[in-house]
Each structure stands twice: as structure tokens, then as C-alpha cells.
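Before any comments, here is the structure.
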Amino acid sequence: MACSGCGPGYSSPLEAMKGPREKIVYLPCIYRNTETLKPDYLATVDVDPASDSFCQVIHRLPMPNLRDELHHSGWNACSSCFGDASRTRNRLILPSLISSRIYVIDTSQPREPRIHKMVEPVDLYYKCGLANPHTSHCLANGQIMISCMGEPSGSGKGGFVLLDGETFEVTGNWEHPGEAAPFGYDFWYQPRHNVMMSTEWGSPKALVNGFDPKHVLEGHYGQSIHVWDWTTRRKLQDLDLGPDGAIPLEVRFLHDPDAQEGYVGCALGSCVFRFFRTEKGDWAAEKVISVPSKAVEGWMMPEMPGLITDILLSLDDRFLYFSNWLHGDVRQYDITDRRKPRLVGQVFLGGSLVKDGPVKVLNDPENHGQPEPRVIKGKRVRGSPQMLQLSLDGRRLYVTTSLYSGWDKQFYPDMIREGSVMMQIDVNTTTGGLALNQNFLVDFGKEPEGPSLAHELRYPGGDCTSDIWI
């Protein structure tokens, strides 16, 4: 998984595309808000078609605490450390969104990971004034940086925790005092242009048990992306995306480290914005994709947004993918023309609009019709496509269905009872196109301790959402 004599990862995104095919993946699996009172666990899943245990969970690492809500993981070292032969990608950093605990997982035996260390919530609270850790990225200087969504009281606060890359102790805040954003969520840095972008979800106390539309009007959810000076750690700009940019979640720079642009998916606005450096040297954003809402009856509101929850870019920066967690589809866009993405692939995998469900579509601007329920190997998909991970060569797109247990319980109660699933989409990388692999299914409804909610996917050797090139 690494160049002999070099550091972890790959020398460039295009070199990463030549890397070996994925054989296992790690997924945090959640029991909070389900009918099983057990600790969350990290699942290791075999995705090697030549293996006797293909499509099976081959290892489960339970956490020692209840109600953590394991979320997005990152690494102690990635391709940003490629030139440093002293660095090894052998620790998975696994934040807990609700408990504010951070687990450091030893992956030196990839098929049997184990807990190396726990960072307790009190360290985040008292050393940084932060809580609800979300996204983790390694830094080239050996530290680990984790974005947080709130402060210990449950109010929104978009700050960043730094961990020592050897001891994994909390060393303090990345941002200067008083410069935290109003809300936090995801981030991506680009040192060649001395910039970092961060995004916003909402106040943890507002979203903890579900979504209430009135909280949007009351200002408990964000609609801005924030521009930071990577060297001085000062916040330079707040780019207000307006109502179409409500709840900007995953942010992705182009993988090419020379690029001065990227994309952010906005959940409630169901839009994708392109952000870019202007000729003046500051940063701006423009809407480049919009998924129209559908007029419905039998739902909580008269119009249902797509709810774009995860986006990613192929390593060659040719294709953009995102999931519409309410409408139930995954889309592929050709972004060769960065300002004019072109839809080239789409597949429906469940969602809230299936024909035999309680929701009736009254008006669909895209004229898709209500999709048939999706059944794979005799299992009906409950829930909807959510987290995405692309193979290094771009030919396989893995999908899981859980967003966050509080929202899963509200919008897809059947998934709470029957468990989430992991699916695979075959990708046409020549002209574009998506096709569900009917022979691939990992059913987390059959777990030994009861149905669980599988979330984000991570490869041991790095992937297009964890690795940053500098």
C-alpha cells in the first residue's frame, strides 16, 4: 500500500489510481437509537471477490462505551506525508459525534484492528472548549486535526482540535481564540494555496434527536462555508451561500494540489456549489448543480428536497458523485467543465419515494416517476443511499444507508428495525454511467448483537476522501 522507502500513500492522485484493488473496508456501526443497547463497533468487511468470506463482516471491534455515535474516521498519516519514510498509516482516528470521545484504532493487523487509545470528552471540553468531533485529517507536520460541531453546552461552534501524532494527546485548538465559526462540520486544506475550507451542519442540541424545520428558521443550522489562512490560522472569509446553500456538509477540493477550486454539497438546499479563488485573490462560490424538490403528500412537509448528504470526487477529478438521501438516488456528474457539471449516471436505491411507500409525488420537475423498491439478493433496502466511497481506479462505488441515528429513526424507522446495508455500484469511467451490482450486499440487519447502522467507509490503504496531496 506504500512506495518502498517513502512515506504512506501515493506520490500523486493519478499514481493512487494505479494502486491495488481494495480487499477490506472499515465501517463504524452504530447502536444508538436502535432497539439494541450495545456499544457501537468498527466492522471489517471483506470486499475481495476471490475470498471465501466475500461480502461478510470478518471482524467486529466493540467500543467500551454506550451511545458514542461513531462517525467519520481519518488517519494518523496519509499521502500528505508521502515523502516521510518515518511515517506509517497504522492508526485510524475514530471520533464519536454524540459522546465527544475519540478512539485511536491500531490497524497494524488490518483484518483485526484493536483499540490503541481513548481520548475522553473532558479533554476536548477543558483544553479546547469544544465538543461533538466530526472530521479527522492528518497533517504533514505529524499532528492530527479534528473539526468539531459544538461546545460542551450543545450550542454550535465550529472549531478544531489538534492531537499529537505520537501520543494522541489533545494539544489544544488549531484556530485562534475567538475565531471559531458559528457552526462546524467538515473541512479540507490545501497548503499550496495556503487555504482551508470548512462547512456547517447545525447546533448539536437542535439536531441530536431529529430534524425540526422550525430550527432552520430559528437559525440553528448553517448556510456558509468558511475560508481560513492555513499558515496564520485566521478566518479570512465567510461565504454565505443563501437558502440554496442551507446545511453545507461535505467539502472537497479537487485532488490536484495545484487546483484552486472544489465543491461542497448542501443538504437542505439540495445544491452543489463550486468554490474558487478569484482574480483578486479572495474566494467566491457559485451554484453549479440544483436538485429540484418534489411536491408530495403523506410527508412532513409539502415539498421534499433531495437532501444531498455525501459527495466525493474521483481521483482524476473527472467525476463528481453525490447521494440524495430523501429522494433515494445516487448521481454521477462529468465535471470536465468545472462550471457546468453534466449528469451522466443515476441509480435509485431505496429512499422515501418508492412506489409502495406512504408518500405520493404530486409534481416532479424531473419527471422520474416513483421508483420501485430496491431488492438485492432477497433483501429489501430500507433507508436510502448515503455514505459513498469510490475505489482508487474509480470503477466501484460503495454505498451505505445510514446518515445519523437520530435522523435515521425519524425518516427511516424500518431501517432501525431491520438494519442498514452496504451496496456496490459499477461505474462506467469512459462515458459515465452507474449500474447496481446485484451480486453484492452486506446486510447489517443480520449482525450477532442485532441490526446495526453502518456509516462511513474507509480503506486501509487510503482513499479519495481521506488523502490530501500537498
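The values are calculated or read from the model by the stated rules, or taken from the named source; none is laboratory data. Here the structure is a predicted model, which is why all the values come from computation and not from measurement. For neighbour counting, all protein chains shown are included, and Cβ atoms are generated from backbone atoms with ideal geometry for every residue, glycine included. SASA here: full protein model, heavy atoms, side chains in, ligands and nucleic acids out. Shrake-Rupley method; radii C 1.70, N 1.55, O 1.52, S 1.80 Å.
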In the neighbourhood of Arg32 defined by beta carbon distances under 12 Å, the net charge of the other residues (Lys, Arg +1; Asp, Glu -1) is -2
Contour minus Cα-Cα span, Arg60 to Thr278, at 0.36 nm per residue, comes to 73.7 nm
Work out the FRET efficiency for Lys379 and Glu218 from their Cβ-Cβ distance, taking R0 = 51 Å, and round it to the nearest 0.05.
0.80
Expressed in nanometres to one decimal, the distance between label points 7 Å along Cα→Cβ at Ser108 and Asp258 is 4.0 nm
For the peptides 453-462, 437-446, 150-159, what is the packing order when you average, over each peptide's residues, the other Cβ atoms within 10 Å and list the highest mean first?
453-462, 150-159, 437-446
Linear extension gain, Glu372 paired with Ser11, 0.36 nm per residue minus alpha-carbon span:
125.6 nm
With a sphere of radius 14 Å drawn around the Cβ of Thr232, what net charge do the other residues whose Cβ falls strictly inside it have (Lys, Arg +1; Asp, Glu -1)?
0
With charges only on Cβ, +1 for K and R and -1 for D and E, what is the dipole size of the chain about its Cα centre, in debye, rounded to 20?
420 debye
When Cα extents along the principal axes in Å is calculated directly from the model, which label among (1) 55, 54, 47; (2) 122, 45, 43; (3) 91, 49, 39 fits?
(1)
Any idea how far apart Thr171 and Glu286 come out in nm if each label point goes 7 Å out from Cα toward Cβ?
4.0 nm
If you count only protein heavy atoms and use a 1.4 Å probe, how large is the accessible surface of Lys205, to the nearest 10 Å²?
120 Å²
With a 1.4 Å probe and every protein chain left in place, work out the accessible area per residue of segment 88-147 in Å², rounded to a whole number.
34 Å²
Exceeding 29 Å between C-alpha atoms, which entries from my cross-link table qualify? They are Lys214/Lys294; Lys379/Lys409; Lys117/Lys157; Lys205/Lys340; Lys409/Lys446.
Lys205/Lys340
Put a dot 7 Å past each Cα toward the Cβ at Asn209 and Glu303; how far apart are the dots in nm?
2.9 nm
If you add up the charges near Val195, with Lys and Arg at +1 and Asp and Glu at -1, over every other residue whose beta carbon is less than 10 angstrom from its beta carbon, what do you get?
+1
Most packed first (mean Cβ within 10 Å per residue), the peptides 213-223, 129-139 order as 129-139, 213-223
Find how much the distance from Asn363 to Arg338 grows on full extension, using 0.36 nm per residue of separation minus their present alpha carbon separation; answer in nm with one decimal.
6.0 nm
If one computes the Cα centroid of segment 212-251 and of segment 404-420, what distance in Å separates the two points?
27 Å
Toward the positive end of the charge dipole of the chain, about the Cα centre and with charges on Cβ (Lys, Arg +1; Asp, Glu -1), which of Gln56, Leu388, Met304 goes farthest?
Gln56
Counting helices only, and only those DSSP H runs with n ≥ 4, report the 222 nm mean residue ellipticity of the chain as the sum of -39,500 (n - 2.57) divided by its residues, in deg cm²/dmol to the nearest 500.
-1500 deg cm²/dmol
